[in-house]
Each structure stands twice: as structure tokens, then as C-alpha cells.
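Here it is, the structure, as C-alpha cells.
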Amino acid sequence: MTTSPRITTQPPVVDATELPPLAPRIRRVFKHPRLMHYNRLAALVLLANVSYLLLDRPLEIRSLGHASLANLTLAVVVRQQYVINLLFQMATWAPTSWPLKVRWTLGKVYHFGGLHVGGALAGALWFAALTVAVTARGGDVPLTAVSWTLIALLAVIIATALPPLRSRFHDHFEKIHRFGGWTALALFWTHTALNEGGLVEFGVLSVVTFSVALPWTRLRKVSVQVERPSSHVALARFDYGEKPFAGSSTAISRSPLKEWHSFANVPAPQEPGFRLTISRAGDWTASFIDDAPEHVWVKGITTAGVANIEVLFKKVIYVATGSGIGPCLPHLLAAEVPSRLVWATRDPRATYGDALVDEILAVHPDSVVWDTSLHGKPDMVRLAYAAYRDFGAEAVICISNKKLTWQVVQGLERRGIPAYGAIWDS
């Protein structure tokens with residue numbers, strides 16, 4: 001099949017697009033990545049803990065333990081899938097009649113990971129203070145030994161979660177976070193028992209343990225059918241009785257204790273099951289494409305993703321590059337919100353197959369599909385803004401690699417346009 005005229009775009013159209021002026025300097029400051037809502041939430045948690053430290057003095061040893069437990073519970077529970085879905089539901093209940101500035105802020109709900117970071121840091125610091133106090137008091141060797149072991153373990157977990165180490169050694173980060181977290185939880189139970197904790201402590205630890213264990217109670221091995229339109233992409237089809245909602249993700253694994261990878265679910269209207277779009281982006285995905293499995297493991301609860309915030313707006317622009325089309329596709333097919341797609345990718349039909357491209361164009365014939373093999377890489381900020389302006393949209397949702405996502409999100413938000421994209425915090 002020859003390439004449809006609808007997936008060709010003349011570069012001069014974009015080059016001639018004039019971007020709106022930058023917002024005033026004071027507003028642009030708050031659009032800097034270091035001041036994104038993720039970091040603001042982490043700072044808010046830390047500030048709340050400082051306030052508690054200053055207002056509730058003198059602090060007793062038991063108060064140190066309670067503060068540590070409260071923060072570490074926040075860090076764990078806010079990552080629980082049901083809690084994440086609840087946060088998205090609460091944020092997206094707002095009607096589109098509300099002021100855009102309010103909806104703009106509510107759309108940042110996916111920055112909830114800042115609560116995880118703030119809680120983990122504050123909890124570790126409170127527990128360090130508790131350990132020093134217990135050690136200074138002396139006399140309880142088993143409790144002291146468990147305390148310092150926990151401090152060392154928490155330090156390793158936090159260190160490996162720092163962005164530079166997490167991105168460079170992600171597989172190690174994932175294993176340390178999983179097995180280190182389970183070990184830390186067991187040690188907290190031991191510490192509480194040795195410290196003769198009360199009903200509150202045991203009750204809170206029970207909630208945390210249940211939250212951690214719940215996804216694993218959903219662990220199962222399921223069949224998968226893998227289609228390979230090209231050597232770059234695999235389309236994994238599942239039909240095991242689950243119909244995930246549009247905009248959710250599913251974690252899959254070939255070895256459940258080693259590593260897990262989450263992909264956006266693509267449920268097709270009026271059809272059973274769902275698809276995952278898996279592109280070559282590392283050893284695991286390369287192995288999946290080249291040596292397609294017949295079965296994989298799935299666990300947990302399907303979880304809301306960033307694009308679910310689309311319902312806060314009257315019209316949205318989806319900006320995707322390459323396999324970023326995967327998370328956009330379920331929303332494009334569901335057509336719950338009027339939207340337009342801007343997709344830049346290399347030879348889309350040869351890479352993703354005629355069926356996928358035709359499926360998109362059937363429901364969104366006005367899509368801008370930029371073939372980078374013909375026109376090179378476009379200025380995605382200008383391309384996104386042109387679609388935003390022409391469509392009369394209220395927001396832009398970008399699904400791409402980290403560098404380009406930040407370019408688009410920051411490039412538009414600095415000009416007063418609501419823009420959203422993944423923040424790679426897991």
C-alpha cells in the first residue's frame with residue numbers, strides 16, 4: 001500500500017509558525033523542571049515535617065517513631081494502584097466549566113510521586129533520629145542492631161533511587177527497591193515487636209503490608225499473541241477475561257521476581273481483550289520482539305496514566321513520537337474528548353503496519369503524521385502549537401522520550417499553554 005497523503009506534512013508550514021510570546025518572568029520561573037509539581041509536593045511533605053518538629057517539642061522517643069511510621073506509610077500507600085486510580089478520579093471529577101487555571105493544576109495529579117519521595121526522605125530522617133536516641137539510651141542490643149540495619153538498608157534504597165543512579169542502573173534500582181523494601185518491611189515488624197509497639201503501630205504496619213502484598217495476589221501467567229509489523233515493534237494481544245479501561249497500564253514480566261515493564265493498555269471498542277504496543281528500547285524489549293513469548297506474567301491492578309487527565313479539557317492535542325503512539329491510541333479510539341493527533345515517527349506504515357495506521361486515520365482523519373524518514377525531525381514545539389492553535393484546544397499531552405517531552409511541555413507551559421507529559425519517576 002502506498003503512503004496516504006494524510007501522513008505527509010510540508011516542513012515550511014511548521015517553520016513559518018510563530019510561537020506566542022513567553023509568559024512574564026515570574027510565571028516562567030514556576031514552569032522550570034526543578035519547580036514542577038512533583039518537587040513541590042515533596043517539598044510540601046518535608047515542610048510539614050519541619051513544622052511538626054518546631055511545634056511539637058520536646059519530642060519523645062515514641063513521637064519520633066510515630067513520625068517515621070506516618071511518613072513511610074505515606075511513601076508506600078501513595079504508590080498503591082487503587083490509591084493512584086482514586087487520586088486520578090478525584091482530580092478529574094472537575095467539570096470543564098471550571099476555570100482553566102484550576103483544571104490546569106488538577107491535571108498535574110500524576111506528579112503524586114512527589115508525596116512518595118517526600119514521605120520516604122522524611123520517614124528515613126525521623127527513623128535515623130529515633131535510632132540515635134535508642135542507641136544513646138543503650139541497654140537494648142537487639143533493638144539497636146535492628147535499627148542500624150534498617151538505617152543502612154533505607155540509605156541504600158534512597159541512594160539508588162536518586163535520578164542519576166536510577167536511570168543508569170534501572171534494573172538494579174528496581175530489584176533493590178523491591179527486595180530491599182520487602183526486607184525493610186520485615187525489619188519494621190521486628191523493630192515494632194522489640195520496641196513493644198501498641199495497637200496503632202501494628203495496625204498501620206498491617207495496612208502497609210496489605211498494600212504491598214495486594215498486587216502480588218493478582219499474579220498470574222497468561223497467554224499472549226505477538227504480532228511483529230517490523231523489527232522495531234511488537235503488538236502483544238491479550239484476552240484473559242480482563243478489559244482494562246482506556247488510559248491504564250499493565251505490568252508484564254517473563255520472570256516475575258526479576259523485572260517488570262509497564263505498557264499502556266489499548267482496548268479496542270466493541271472487541272474483547274486489549275493490546276500492548278512494545279517498541280525496541282533496551283535488552284528486555286529487544287528480546288521480547290526477537291523471541292516472542294507464548295506466555296507472560298501479569299500482576300497488580302490496571303493503573304491510570306497521565307493521559308487520563310484529558311477529560312478535564314474541552315479539546316486536547318496528543319503529541320507522540322515513535323511508540324509513544326501506544327499510550328495515545330486508546331484515548332484516540334475511545335474519542336471521549338475531541339482531540340487531534342500529532343505523530344512524528346519513521347516510516348509509520350512500514351514500522352507499525354498498515355492496519356494500525358489505518359485504524360488511527362479512520363477515527364482521526366485530520367491527524368498530522370510526520371514521516372521523519374522523508375522530512376527529518378520536526379520542531380515538535382511548533383508542530384504542537386500549530387495543532388493547538390488550529391484546533392482550538394485547551395491542553396497538549398505529549399508522549400515521547402524524556403528529552404523531547406520536557407522540550408514540548410516546558411516550551412508550551414512557558415507560553416501559557418497547559419501541557420502534560422510523563423515524568424519518569426519510577
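The values are calculated or read from the model by the stated rules, or taken from the named source; none is laboratory data. Just so it is clear, the structure is predicted and the values come from calculations on it, not from any experiment. A quick note on method: Cβ atoms are made from the backbone with ideal geometry, for glycine too, and the neighbour counts reach across all protein chains shown.
Within the set of pairs 6 or more residues apart or between chains, which connect a residue that is crowded, with 16+ Cβ neighbours inside 10 Å inside segment 175-198 to a residue that is aromatic (Phe, Trp, Tyr) with Cβ atoms less than 7 Å apart?
Taking only residues 6 or more apart or on different chains, the pairs are 192/202.
For segment 213-241, give me each residue that is over 21 Å from residue 352 (Cα atoms) and buried (at least 16 other Cβ atoms within 10 Å of the Cβ).
215
Among the listed residues 321, 303, which satisfies the condition of being of a type in the set (Val, Ile, Thr), under 20 Å from residue 93 (Cα atoms) and touching a residue at least 24 places away in the same chain (Cβ under 8 Å)?
The unique qualifying residue is 303.
Then there is this: Picking from 136, 129, which residue would you name as being surrounded by 16 or more Cβ atoms within 10 Å (Cβ to Cβ) and small (Gly, Ala, Ser)?
Result of the check over 136, 129: 129.
Looking only at residues in segment 17-47 that are under 25 Å from residue 110 (Cβ atoms) and among the charged types (D, E, K, R), which one is surrounded by the fewest Cβ atoms within 10 Å (Cβ to Cβ)?
In this case the residue turns out to be 34.
Can I ask one more? List the pairs whose first member sits in segment 237-258 and is outside the structural domain of residue 274 (by TED's automatic domain parsing), whose second member is in a strand (DSSP E or B) and surrounded by 13 or more Cβ atoms within 10 Å (Cβ to Cβ), and whose Cβ atoms are under 9 Å apart, counting only residues at least 6 apart or on separate chains?
none
If you take the residues in segment 250-299 that are basic (Lys, Arg) and at pLDDT below 90, which one is nearest to residue 358 (Cα to Cα)?
Once the filter is applied, the top-ranked residue is 280.
Which residue out of 393, 386, 344 is in a loop (DSSP other than H, G, I, E, B), in contact with a Ser or Thr (Cβ under 9 Å, 6 or more places away or on another chain) and surrounded by 20 or more Cβ atoms within 10 Å (Cβ to Cβ)?
393
So, in segment 114-140, how many residues would count as being in contact with a Ser or Thr (Cβ under 7 Å, 6 or more places away or on another chain) and touching a residue at least 24 places away in the same chain (Cβ under 8 Å)?
5
Yes/no matrix, rows are residues, columns are (1) aliphatic (A, V, I, L, M); (2) without any contact (Cβ under 8 Å) to a residue 40 or more places away in the chain; (3) under 28 Å from residue 295 (Cα atoms):
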position	(1), (2), (3)
170	no, yes, yes
173	no, yes, yes
200	yes, no, no
206	no, yes, no
216	no, no, yes
228	no, no, yes
233	yes, no, yes
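Is it the case that residue 75 is under 17 Å from residue 206 (Cβ atoms), modelled with pLDDT of 95 or more and either surrounded by 14 or more Cβ atoms within 10 Å (Cβ to Cβ) or not assigned by TED's automatic domain parsing to the domain that holds residue 155 (or both)?
On the way: under 17 Å from residue 206 (Cβ atoms): yes; modelled with pLDDT of 95 or more: yes; either surrounded by 14 or more Cβ atoms within 10 Å (Cβ to Cβ) or not assigned by TED's automatic domain parsing to the domain that holds residue 155 (or both): yes.
Criteria met by residue 75.
Identify all residues within segment 411-425 that are touching a strand residue (DSSP E or B) at 6+ places or on another chain (Cβ under 8 Å) and assigned to a loop (DSSP other than H, G, I, E, B); write none if there are none.
417, 418, 422, listed by residue number.
Now, a different point. With respect to the numbered conditions (1) over 21 Å from the mean Cα position of the chain (by Cα); (2) surrounded by fewer than 16 Cβ atoms within 10 Å (Cβ to Cβ), which one is the sole condition not fulfilled by residue 273?
In the conditions (1) over 21 Å from the mean Cα position of the chain (by Cα); (2) surrounded by fewer than 16 Cβ atoms within 10 Å (Cβ to Cβ), residue 273 misses (2) alone.
State the number of residues belonging to segment 234-249 that are out of contact with any helix residue (DSSP H, G or I) (no Cβ under 6 Å at 6 or more places or on another chain), at pLDDT 90 or above and either within 17 Å of residue 284 (Cα to Cα) or among the hydrophobic types (A, V, I, L, M, F, W, C) (or both).
3
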